[in-house]
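Derivation of every value follows stated rules applied to the coordinates shown; laboratory data play no part. This one's a predicted model, so the numbers in the text were calculated from it and none came from an experiment.
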């Protein structure tokens, strides 16, 4: 099983969409193995978005992601990174398909409701930024036999 990082961003939390987003992930068959609500520090935000440091929007991105609480989580499943990215939709909500999280709830690139890791390497890095190993649970769900073929 693969793990990926998902974050309901400040606009998603403020709009009361955290439950809907978690529900969509779980209804797909993904397993929630870690979750917490937090206010991201400036230092953590800068580390999380380090790849954008030289871009002109970096400071506004850091200001936005630290402006209100977020819900950070780790979800697990077969091809979790790819599956979650498909559920989340295109980064720009104007280009996201209806039925995706961003397609249904987003209108603006700067307020696109949710973050999802874009690769296995990114997922591993982001999970380590937000969670200690002991915060990630391993457990068996009885309904997994109805989600996955052996």
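Given the rule -39500 (n - 2.57) for each run of at least 4 DSSP H residues, summed and divided by the residues of the chain, what is its mean residue ellipticity at 222 nm, to the nearest 500 deg cm²/dmol?
-10500 deg cm²/dmol
Stick to the Cα atoms of region 23-68, pair each with every other, and give me the Kirkwood hydrodynamic radius in Å at one decimal.
This gives a value of 12.5 Å.
With a ≥ b ≥ c taken as the square roots of the eigenvalues of the C-alpha gyration tensor of region 94-150, please select rounded if a/c is under 1.5 and otherwise prolate if a/b is larger than b/c or oblate if it is not?
In terms of gyration-tensor shape, oblate.
Which residue fluctuates the most in the chain, going by a Gaussian network model with Cα springs under 10 Å, if the choices are 64, 139, 49?
Fluctuation is largest for 139.
Work out, in µm²/s and without decimals, the Stokes-Einstein translational diffusion coefficient of region 2-139 at 10 °C, 1.306 mPa s, Rh from Kirkwood over C-alpha pairs.
Working: Rh = 14.9 Å.
My calculation gives 106 µm²/s for D.
Hey, in the GNM for the chain with a 10 angstrom Cα cutoff, which one of 105, 130, 58 fluctuates hardest?
Evaluated over the chain, the most mobile residue of the options is 58.
Need the C-alpha centroid separation for region 13-33 versus region 47-81, integer Å.
What the calculation gives is 17 Å, centre to centre.
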